[in-house]
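Quick notes on the structure that follows.
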Amino acid sequence: MFVLLLIIIAVLFGFGFLDPIWWVAAGVLVYAATRHGRDRGGGRSRSGSSDLGDYRDYQERRNRQERWDRRYSRQNRARWRREDRRDGEHGRYA
C-alpha cells in the first residue's frame, strides 16, 4: 500500500511539469497520507489491530486529567492555607 502511494505521488509530481494543478494534487495526497498516519497512532501495531491509537488517546486523556488535578489541587491547597492564616488572625484558634 505504501509503495503504491509513493508511485502515485511520483506520477502526480511528474504531471506537475505539464500542469501545476497536479503538484497541488500530489501535495494534498501527501498531506492526507501523513495526517491519516498521525491520527491512527503513527503506525501499525504488531498484532495488526487498531487498538494502539485508542490506547494513545486514552493515555492523552489520562495525562490531561492528571495535569488538571495537580494544577488545581495545588491552587486549592494554597487557598486553604491562606484561609487558615486569615482565620488564625481573627482569633479562631485562641
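A short reminder: the numbers here are calculations on the coordinates, not readings from a lab. Predicted model, so just to flag it, every value in this text is computed and none were measured.
Below, the figures for the structure above:
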{"quantity": "Contour excess over end-to-end distance, with Cα ends at R67 and D54 and 0.36 nm allotted per residue", "calculated": "2.7 nm"}
{"quantity": "Stretchable slack from D84 to F17, in nm (0.36 nm times residue separation minus alpha-carbon distance)", "calculated": "16.7 nm"}
